[in-house]
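Notes to accompany the following structure.
The values are calculated or read from the model by the stated rules, or taken from the named source; none is laboratory data. If you're wondering where the values come from, they're calculated on a predicted model, not measured in any experiment. Heads up, the Cβs are rebuilt from the backbone with ideal geometry, glycines too, and the neighbour counts pull from every protein chain shown.
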Amino acid sequence: MVRMKVDLKLWLARIADVCFPKQCLLCGRTLLGSENHVCTLCLAALPRSEITKTQDSPMKDAITGVRGIVDANAVFSYVHGNDVAHLVHEFKYHGYHSLAVEMGRLMYDEMFRMAILGDYDAIVPVPLHWTRLMKRGYNQTECLCRGLSGKSGWPVENLLKARRHGSQTRRSGTLRRVNPKGKYYLRDDARTKGRHFLLVDDVFTTGSTILAAAEALLSRSDCRVTLLTFSLTNG
Ligand SMILES: [Zn+2]
């Protein structure tokens, strides 16, 4: 009986594929069975951030001298109107949460290519305030993390919460150890001591958002944080 149900589901999916073939979100080409949302050619052509360990970047500048933050990288380059911006827009505002999961898987492949895979104890998404979460229905960054986790095995831990009207100031030098009014705060049961976190967000613009989240992660006890975003804005 169970087998019949599975077969039926598979057949219905095949019929749907024939009647309504899925198309690439970027070029409109019909997707192959192994492709999801974006075709292989378009994925290969997405502009990479090209951040390297030695090259200067706004991300490396933002964490210079900040105690506890080990490294900062972005996978793709976000320019207004480019394909990366289009994908972010789709998974952020048009309900494509499964696209974000797929992009999270791609982030793992790119981390491998960039030689930035590390000894992370957990992946932590930058959270949304619950009112925004209710409105959108999902946190796109958590979806990215789930895709990344599926390939890497690093667990996703929602250790942070967002305040509605928290301040979001950019700090240079050592981050404040106590952060009573920051944009983000640690959950009461969050275990951070001695651990290494991969803190993930979708877009890095000025860095104030992800740095505020890092500040909260580092606020209770000594731990290490590496920043990773899906994209880095460039104009
Ligand atoms: Zn395409």
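Taking the stated definitions as given, is Leu46 within 11 Å of the ligand (Cβ to nearest atom), modelled with pLDDT of 95 or more and either within 19 Å of the chain's Cα centre (by Cα) or exposed (fewer than 10 other Cβ atoms within 10 Å of the Cβ) (or both)?
So Leu46 passes the test.
To keep it simple, each residue is scored yes or no on (1) of a type outside the set (Gly, Ala, Ser); (2) within 16 Å of the chain's Cα centre (by Cα).
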{"site": "Ile69", "(1), (2)": "yes, no"}
{"site": "Ala72", "(1), (2)": "no, yes"}
{"site": "Lys92", "(1), (2)": "yes, yes"}
{"site": "Tyr108", "(1), (2)": "yes, yes"}
{"site": "Val124", "(1), (2)": "yes, yes"}
{"site": "Gly150", "(1), (2)": "no, yes"}
{"site": "Gly153", "(1), (2)": "no, yes"}
{"site": "Leu160", "(1), (2)": "yes, yes"}
